[in-house]
Every structure is written in structure tokens, then in C-alpha cells.
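Each remark here refers to the structure printed beneath this line.
The values are calculated or read from the model by the stated rules, or taken from the named source; none is laboratory data. Since the model is a prediction, treat every value here as computed from it, not as a measurement. Cβ: placed from backbone, ideal geometry, glycine included. Neighbour counts: every protein chain shown.
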Amino acid sequence: MNKTIFLVGARAAGKTTLGKMLANKLSYSFIDTDCHLLEITQKTVAEIVEKEGWEGFRARESQVLVDTTKPNRVIATGGGIVLAEQNRNFMKKNGMVFFLSAPASTLAERLMKDPNVAQRPSLTGLSIVDEMEKVLTERLPLYHDAAHHIINVNQDENLIVNQMVELLQSN
């Protein structure tokens, strides 16, 4: 098993936390695309969006996805990576894609505990709860389109990681 594993889902779904745990369990390397973008540009997502707009950020995000895809790696993607059809197709073709699914209320609760606004600028200008409802409604079909497997993240982290490992071994 030397696949690239992509984790997709809304902000606060646990892509980074679970990605690190999964990478550790599989002895894979781990990359968070937003963190990688920060390292190579020395700019936060909010700064890139302010300077280049969402379109500029999305173009950079797509390039980072391609640049960081390697065997034996877990990649935690940005929540909006699925907006571009080319990204969904790229991930499906080049690895195994897990959609980390959680209800908007869970995501909003997690975001309110740790908003990290510099890395997570508001997408809509709405309250966190309303934004998560709106974004999930819009993106749910895209997450489903991208995913080989859908994982409910409203359970113990170790159970989630074990579930992903079992799915990887069965493919």
C-alpha cells in the first residue's frame, strides 16, 4: 500500500488532526496544503485572498495539490479544494480520497472554540453557524463527487483512523 491519501471536508472537520494520526499509523509523510502554502508564500490564506482574491488563492491551492502529491503521503486539503472539478478528478485518479463528514452544527462548534481567522477567513460574512450551513449545502455534492469513502467524524478519533486503515487495506 503506497498510495497518496487525500482528506477532504469542510473547515474544522479534522483533516489536519486525523491526517497526522493516519500518517503516523501508516508511517506515511503528512502535508496540510494550507500550511504548505503558508510556508512557500510566507502569507496566510487571508493575506493571499486579500491580495489575489479567491480566484488567485484557488489557483495556488490547485498547484500545491499537484506539487505535494507523492506516494506514501497523507494530504489534508483546504475545505474548498473540491470547488475545482480538475482537483476532484486529480485526487480520485492519483490516490484514495476520504470525505470527513460532520454536521454543520459540529463544525461551527469546533470553529468557535478555535476560529484561527488568519488561516480561515470568512467565506460569506455570515455568522459561523450560518456560514457552515451555507458552505456545506453548496459543497456537499462536490465532497461526495471527490470521495472514494465517506467517514463520519462524530466519533472517537482512534476509531476514525482505524476505519480509514481498514478501508485502505480492503482496496
*Among what's in the range 41-57 and is closer than 22 Å to residue 90 by Cα and surrounded by fewer than 19 Cβ atoms within 10 Å (Cβ to Cβ), pick the residue that is modelled with the lowest pLDDT.*
54
*List pairs: first in the range 66-86 and on the phi > 0 side of the Ramachandran plot and surrounded by fewer than 21 Cβ atoms within 10 Å (Cβ to Cβ), second modelled with pLDDT under 95 and not aliphatic (A, V, I, L, M), Cβ under 6 Å, 6+ apart or cross-chain?*
72/2
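What residue, of 33, 4, is over 21 Å from residue 157 (Cβ atoms), surrounded by 17 or more Cβ atoms within 10 Å (Cβ to Cβ) and in contact (Cβ under 8 Å) with a residue 40 or more places away in the chain?
On the way: 33 fails: over 21 Å from residue 157 (Cβ atoms).
None of the other options fit; the residue is 4.
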*Restricting attention to the range 1-16, report how many residues are within 27 Å of residue 112 (Cβ to Cβ), among the β-branched types (Val, Ile, Thr) and modelled with pLDDT of 95 or more.*
1
*Limited to the range 2-20, what total is found for residues that are within 24 Å of residue 105 (Cα to Cα) and out of contact with any strand residue (DSSP E or B) (no Cβ under 7 Å at 6 or more places or on another chain)?*
4
*Identify, please: which residue in the range 130-171 is hydroxyl-bearing (Ser, Thr, Tyr) and loosely packed, with under 13 Cβ neighbours inside 10 Å and is, among those, farthest from the chain's Cα centre (by Cα)?*
170
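Taking the residues in the range 107-154 that are in a loop (DSSP other than H, G, I, E, B) and of a type in the set (Ser, Thr, Tyr) as candidates, determine which candidate is modelled with the highest pLDDT.
Within the range 107-154, the first condition is being in a loop (DSSP other than H, G, I, E, B), and the residues that meet it are 114-127, 147-148, 153-154.
Filter once more, keeping what is of a type in the set (Ser, Thr, Tyr): 122, 124, 127.
Numbers: 122: 56, 124: 62, 127: 74.
Filtering first and then ranking leaves 127.
For the range 89-106, give me each residue that is assigned to a helix (DSSP H, G or I) and hydroxyl-bearing (Ser, Thr, Tyr). It would help to see each step written out before you state the result.
In the first step, residues of the range 89-106 are kept if they are assigned to a helix (DSSP H, G or I); the result is 89-94, 104-106.
Hits for the range 89-106 are 105, 106.
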_Restricting to the range 17-30, give me the number of residues that are β-branched (Val, Ile, Thr) and farther than 13 Å from residue 157 by Cβ._
0
